[in-house]
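The values are calculated or read from the model by the stated rules, or taken from the named source; none is laboratory data. Predicted model, so just to flag it, every value in this text is computed and none were measured. Backbone-built Cβ (ideal geometry, glycine too); neighbour counts: all protein chains shown. When the accessible area is computed, the model is the full protein with side chains, heavy atoms only, and any ligands, DNA or RNA have been set aside. Shrake-Rupley method; radii C 1.70, N 1.55, O 1.52, S 1.80 Å.
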Amino acid sequence: MKILVTGGAGYIGSHTMIKLLENGYEVVCVDDLSNSKMIAVKKVEEISGKKVDFYKADIRDREALRKVFTEHKIDSVINFAGYKAVGESCAKPIEYYDNNIYGILVLIEVMREFGVKNLVFSSSATVYGNPHKVPITEDFPLSTSNPYGSTKLFIEYILKDLYKSDNEFNISILRYFNPIGAHPSGKIGEDPNGIPNNLCPYITKVCVGKLPFVNIFGDDYPTPDGTGVRDYIHVEDLAEGHVLAVKKLEEKPGLFIVNLGTGVGYSVLEMVNAFSKALGKEVPYKIGPRRPGDIPMCYADPSFAEEFIGFKAKRTLDDMCRDALNWQLNNPDGYVE
Ligand code: NAD
Ligand code: WQD
């Protein structure tokens, strides 16, 4: 079985390609390297001992995609390709709509042209907006408050309409909660450009002395310690979830939506403390104002994922912190080519 992974050089894609290769799948990767480096693909090959057929291309480039589908008989596609920064999406909404939405439209058109009808899509817990309660089940109301989230929600609508019009499609919409951590080898991990926006890559930069302290965005939320609570999931667990989703598509299930989370929420302070434990010394922090647009609490009800695709996150918070820190300590400047 051959899987096309778009955006495979990125953070979640690189970990997923390893799991696919370990599970006997052949992997073709299309990535324009707009937010990643080729060395990540080389590391995937080094870790797995297997080859990835790599194409440097933008998924909006129809001819480039046709070439890939002509040269390979693809069974299923996992689409990670897209832009993902919430703040940037507010400054560059048109670029986000163009890349994320037009990108998947071109991909679907070329898939149809070549009779490939199995697709896994990276959605996000962001489509739940500010949930009315926790834990969050897949049938909660959907809303968004920024262009990035809107691209995810609109694509979910597009995929539902596509399936209604052609039920030969098998579509897996995976709503990720907060992926963190890295491959235990320390050879691949999250490598954001500049100062990280997300909590964990920020904390690991503080751990290696690249940033002075963690800014905690608010301690007056209605949560047990006043700081925001999220469902952090090890990227290795998330990657395994994709293999299960691909296997499920082979059973021709139609369209399904699952949360990929652990079902457990940790606060920002708990995260800082967990990293202090992994580091063996206190991680410095300062409490500051809330970040606009943040919600108090968000964690998954993961029971449908377990029931439907057999997914259950196995790795602990200690595993997540150890592996994230190991990656950052081994690669204080991220990937260097
Ligand atoms: P990432 O930026 O590390 O990976 C995305 C990859 O896609 C990058 O390698 C980038 O170069 C590539 N890419 C972007 N636009 C492209 C295009 N038009 N053609 C080809 N390649 C393109 O991001 P990630 O964290 O690995 O996220 C993967 C997917 O999961 C994204 O769609 C993201 O929105 C979604 N997601 C991520 C998170 C998260 O917290 N990381 C949470 C929920 C959902
Ligand atoms: C986590 C918690 C912050 C940074 C984002 C996207 C979401 C998804 C995952 C893609 C919050 C606090 C953060 C810092 C802090 N991505 N924080 N200091 O906001 O839950 O989700 O990434 O789909 O769409 O919105 O993740 O890691 O930014 O924040 O105190 O320097 O940490 O307030 O409570 P978030 P995050």
Fill in the blank from the handout: Looking across the range 84-127 at residues that are in contact with a Ser or Thr (Cβ under 7 Å, 6 or more places away or on another chain) and open to solvent by 10 Å² or more (accessible area, probe 1.4 Å), the single one that is farthest from ASP161 (Cα to Cα) is THR126
Exercise for the section: Could you tell me whether the range 252-261 includes any residue that is part of a helix (DSSP H, G or I), on the phi < 0 side of the Ramachandran plot and either out of contact with any strand residue (DSSP E or B) (no Cβ under 9 Å at 6 or more places or on another chain) or in contact (Cβ under 8 Å) with a residue 24 or more places away in the chain (or both)? Expected result: no
Handout entry: Contacts under 6 angstrom Cβ, first residue in the range 207-219 being over 18 Å from ASN193 (Cα atoms) and open to solvent by 30 Å² or more (accessible area, probe 1.4 Å), partner part of a loop (DSSP other than H, G, I, E, B) and within 9 Å of ligand 2 (Cβ to nearest atom), 6 or more apart
Key = PHE217/ARG290; PHE217/ARG291; ASP219/THR227
Exercise for the section: Would you please name the residue that is surrounded by the fewest Cβ atoms within 10 Å (Cβ to Cβ), looking only at residues in the range 1-51 that are assigned to a helix (DSSP H, G or I) and of a type in the set (Gly, Ala, Ser)? Expected result: SER48
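Give the residues of the range 128-152 that are open to solvent by 10 Å² or more (accessible area, probe 1.4 Å) and aliphatic (A, V, I, L, M), sorted by residue number.
Answer for the range 128-152, where residues must be open to solvent by 10 Å² or more (accessible area, probe 1.4 Å) and aliphatic (A, V, I, L, M): VAL134, LEU142.
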Handout entry: Within the range 59-77, considering residues that are aliphatic (A, V, I, L, M) and not in a helix (DSSP H, G or I), the one farthest from ligand 2 (Cβ to nearest atom)
Key = ILE74
Handout entry: Cβ pairs under 7 Å, 6+ apart, first in the range 17-35 and within 16 Å of ligand 2 (Cβ to nearest atom), second open to solvent by 10 Å² or more (accessible area, probe 1.4 Å)
Key = ASN35/GLY10
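In this structure, is ASP323 in a loop (DSSP other than H, G, I, E, B) and not β-branched (Val, Ile, Thr)?
On the way: in a loop (DSSP other than H, G, I, E, B): no; not β-branched (Val, Ile, Thr): yes.
The answer is no for ASP323.
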Fill in the blank from the handout: Counted residues in the range 262-296 being away from ligand 1 (no atom under 16 Å from the Cβ), in contact (Cβ under 8 Å) with a residue 24 or more places away in the chain and in a loop (DSSP other than H, G, I, E, B) come to 7
